[in-house]
Every structure is written in C-alpha cells, then in structure tokens.
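Report on the structure given below.
The values are calculated or read from the model by the stated rules, or taken from the named source; none is laboratory data. Being a predicted model, the structure only gives us computed values, none of them experimental. All Cβ positions, even for glycine, are placed from backbone atoms using ideal geometry, and neighbour counts span all protein chains on display. Accessible surface areas use protein heavy atoms only, side chains included; no ligands, DNA or RNA. Shrake-Rupley method; radii C 1.70, N 1.55, O 1.52, S 1.80 Å.
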Amino acid sequence: DAGITQSPRHKVTETGTPVTLRCHQTENHRYMYWYRQDPGHGLRLIHYSYGVKDTDKGEVSDGYSVSRSKTEDFLLTLESATSSQTSVYFCAISEAGADNSPLHFGNGTRLTVT
Amino acid sequence: SQKIEQNSEALNIQEGKTATLTCNYTNYSPAYLQWYRQDPGRGPVFLLLIRENEKEKRKERLKVTFDTTLKQSLFHITASQPADSATYLCFKAAGNKLTFGGGTRVLVKP
C-alpha cells in the first residue's frame, strides 16, 4: 500500500464531538489528499496539501480542517462531527501532483457519527 | 464544474471475454487521464495513466484509449478472469480540480 497508514481504521463517535483522523506516509511524497467516499457520490476531495504547512480546499471542505506540520503526516479534523460526515475516509499521496502522477491510497477509515 | 460519467450499472461478463468500460468527461480535456481499481474495503489502486497525445496505452491484459474529440476514454480488460472482478474508477485532474467518476463494477463469472 505504498507506505501509507491511516488511523484509526474504524471509529464511532457522537454528534458534536471533535474527531481527528491521521494519515502517515513513509514515501516522502510532497502531495497528500483526503477523500471521502459515499454510495451514490463516489470519491470526493476534501482537502489536499502540496507541502508542509501548505494546504487547500477541495470540493467538500465545509466542516473539515487539515494540518500538515511534517512531510509524513496529514491530519483531518472534524471540529464538531455531524451524521452527514458518516463516511469512509481515504488518504492518498502523490509524488508530483495528481494531474501528472498516480495517487496511492491508504485503506481508509470508516467513521460513523451517531 | 468538472464531471466524469461512468456507467453505474454493473458489468457482468463471462470469463475469457473482453470487458469494455466507458468514461465520459465534460469541460476541457485533461492532459492526463487515469484508471484505478477498487476492491471492497480497500483503497483504489492505480492501474494506468494515459496522456492526451497518446491514443492508446497497454499494460498486460489492460488497454486504455483516450479520445479528446469525443471526450471519452475506454478501458478494456481482455481475456477476463474472475480475479478481475472489482470496481474500476476513471479519474482526471486539472490543477486542483481532481475528479473521480462513480465507478463501474465488473463481475467476471467463471
């Protein structure tokens, strides 16, 4: 899995609680991405990072924040989880940007917000 | 907005036959188009990348074509095997616009 670890793999949390998902890579790739995958919507980009401390929003960024203080770690935070954020979250990395190099994905975090 | 459309209906195919999947996109043509495979409970896995100036790309039993006039890519699995059963995703990127299609599920029957 291209040296990508997502943690936790599963999480159940209550509405209104903060949640942080972690993505750790050992490939030293510059680009990192957070996606969510839902039935009927496919994979949608939440946020991405193009370097340490450099991040930008994707198409479904509302309710999410990210941080990247080290090359190897990209954190996704749900400040106050809602039921609509129940989903499978995937982290991906890319050596030279997704527009001209492949994405390598982790195996996902299944998040349930009750 | 960017859109990628893939046939949402599952494709059932007999072992040994060729599976052909379609990816249609809107707006401007990307410089690259990519295909991924996803198995249940797993993240997508990269298969092939095709550039706009390449008409066709092959990797083992896989073949991808890219027609910028039709705004379409075709993905072929030749001599299909039950192990090819999975969901296949089309992906295009242009700057920070990274768009996946909804995927087509392929089921290869022995």
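Criterion applied to B:LEU62, B:LEU21, B:LEU49 was being within 12 Å of chain A (Cβ to nearest Cβ), in contact with a strand residue (DSSP E or B) (Cβ under 9 Å, 6 or more places away or on another chain) and of a type outside the set (Phe, Trp, Tyr), and the one residue passing it is B:LEU49. Applying a threshold of 8 Å to beta carbon distances and a minimum spacing of six or more residues, or different chains, the list of pairs starting in segment B:27-41 at a residue that is at the interface with chain A (Cβ under 10 Å from one of its Cβ atoms) and ending at one that is of a type in the set (Gly, Ala, Ser) and not in a strand (DSSP E or B) reads B:GLN38/B:GLY103; B:GLY41/A:GLY108.
Of the residues making up segment A:77-91, one or more are over 29 Å from B:ARG105 (Cβ atoms) and assigned to a strand (DSSP E or B).
Figure legend. Inter-residue proximity from segment A:99-114: first residues facing another protein chain (nearest Cβ under 9 Å) and assigned to a loop (DSSP other than H, G, I, E, B), second residues open to solvent by 10 Å² or more (accessible area, probe 1.4 Å) and among the charged types (D, E, K, R), beta-carbon distance below 7 Å, spacing 6+ or different chains. Indicated pairs: A:SER101/A:GLU95; A:GLY106/A:ASP1; A:ASN107/A:ASP1; A:ASN107/B:ARG42.
Restricting segment A:38-54 to residues that are part of a strand (DSSP E or B) and more than 12 Å from the chain's Cα centre (by Cα) leaves a set whose member that is nearest to A:LEU103 (Cα to Cα) is A:TYR50. Of the strands (runs of 3 or more DSSP E) lying entirely inside segment B:1-107, the ones with 1 or more residues being of a type in the set (Val, Ile, Thr) are found at B:4-6, B:11-14, B:19-25, B:45-51, B:62-67, B:72-77, B:86-94, B:97-100. Scanning segment A:55-76 for residues that are in contact with a helix residue (DSSP H, G or I) (Cβ under 9 Å, 6 or more places away or on another chain) and part of a strand (DSSP E or B) yields a count of 1. The residue list A:GLY108, A:GLY40 contains one member that is out of contact with any Asp or Glu (no Cβ under 7 Å at 6 or more places or on another chain), at pLDDT below 95 and farther than 17 Å from B:LYS92 by Cα, which is A:GLY40.
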